[in-house]
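Note sheet for the following structure.
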Amino acid sequence: MKKIVPSDADLLKIYTDFLAVEKGLSPNSISSYTLDIEKLLSYGRREKKSLLKIKEAELIGFIQRQAQSGLSPRSLARLVSSLKSFYKFLLRENFLNRNPAEGLTSPSLWLNLPRVLTLEEVEKLLERPNLNKPQGIRDRAILEVLYGSGLRVSELIGLEIKDVRLDQGFLICKGKGNKERIVPLGSSAARWTKRYLKEVRPRWDKKGLPVLFLTRRGEAFTRQGIWKILKVYGREAGLMEKIHPHVLRHSFATHLLERGADLRSVQMLLGHSQITTTQIYTQVSRERLKQIYDRFHPRA
């Protein structure tokens with residue numbers, strides 16, 4: 001009996017189902033993987049090659065074209081990761097006899113170093129909310145938790161009241177792949193969160209939602225909502241060029257390493273599955289030290 005070969009579209013559907021059901025990835029992560037494989041699909045159509053017929057040399061050519069089209073180094077690294085994951089899955093499910101992506105190497109050396117804030121810039125940002133307004137108290141608590149715990153924005157908006165143990169000084173968050181981790185909550189973040197819970201949240205709790213941080217309408221935040229808060233205060237603090245959703249997470253990790261924290265501990269705090277992901281922050285620390293040396297040493 002002749003074996004039925006799935007179409008490229010069917011293969012992508014089977015793969016995304018695997019990511020959602022077996023790996024438990026978030027919708028945002030699944031969307032990123034899907035977009036990367038769809039780019040390969042388009043490439044295959046132009047070259048009249050199905051996903052199961054593409055060879056290693058052709059994958060390399062595809063990646064080079066993406067680089068030439070202006071794809072950022074970070075997006076290229078993610079693309080390589082997506083291809084390796086996709087073809088590893090196809091091999092495991094016996095759609096392939098050989099993995100053409102096995103030898104691909106991630107262009108990690110091309111990655112742009114993440115932007116981080118100095119301690120002075122962090123202080124400027126944290127001091128921007130107007131504490132005479134309920135919204136300002138909430139926003140100060142949000143900024144303190146982001147910087148004090150190094151959470152991803154998606155982790156922050158998913159926090160529930162029961163996840164935050166203010167007296168014990170830690171919180172429980174769900175990261176990528178729905179994995180839970182315990183993260184310390186600094187005294188400053190705990191103090192502002194406690195004030196927000198006492199003075200602000202009760203008056204906005206109109207719908208009985210369990211999430212920690214509420215909008216003035218009593219709704220849960222979106223990622224875009226948090227980004228707007230950062231954008232507003234970043235502009236007011238004169239940090240517009242450096243502000244993006246991950247900037248406080250990057251600063252959290254870099255400041256810890258600069259003060260002697262070991263890499264494994266920072267990896268655990270950030271919820272990275274691979275320590276190589278965390279190592280980027282050691283490069284940031286080295287680069288910052290070099291800038292300080294070049295700026296202040298008389299013989300630099």
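Here, each number is a calculation from the coordinates, and none is a lab measurement. Not measured: the values here are computed from a predicted model. Neighbour counts are summed over all protein chains in view; Cβ atoms, including those assigned to glycine, are modelled from backbone coordinates with ideal geometry.
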Considering only DSSP states other than H, G, I, E and B, which GluC sites (Glu not before Pro) in the range 96-204 qualify as loop sites with at most 13 other Cβ atoms within 10 Å? E102, E127
Taking the chain as the reference, fit the longest principal axis to its C-alpha atoms, fit the long axis of helix 247-258 to the helix C-alpha atoms, and give the angle between the two in degrees, 0 to 90, nearest 10. 80 degrees
Given a Förster radius of 35 Å and the C-beta distance between R45 and R191 as r, what FRET efficiency does 1/(1 + (r/R0)^6) yield to the nearest 0.05? 0.05
Just how large is the dipole of the chain about the Cα centre, in debye to the nearest 20, putting +1 at every Lys and Arg Cβ and -1 at every Asp and Glu Cβ? 400 debye
If amide hydrogens are placed 1.01 Å from N in the peptide plane, which non-local residues have theirs closer than 5 Å to the one on F170? R165, L185
Restricting to DSSP H runs of at least four residues, report the calculated mean residue ellipticity at 222 nm for the chain, -39500 (n - 2.57) per run over all residues, nearest 500 deg cm²/dmol. -17500 deg cm²/dmol
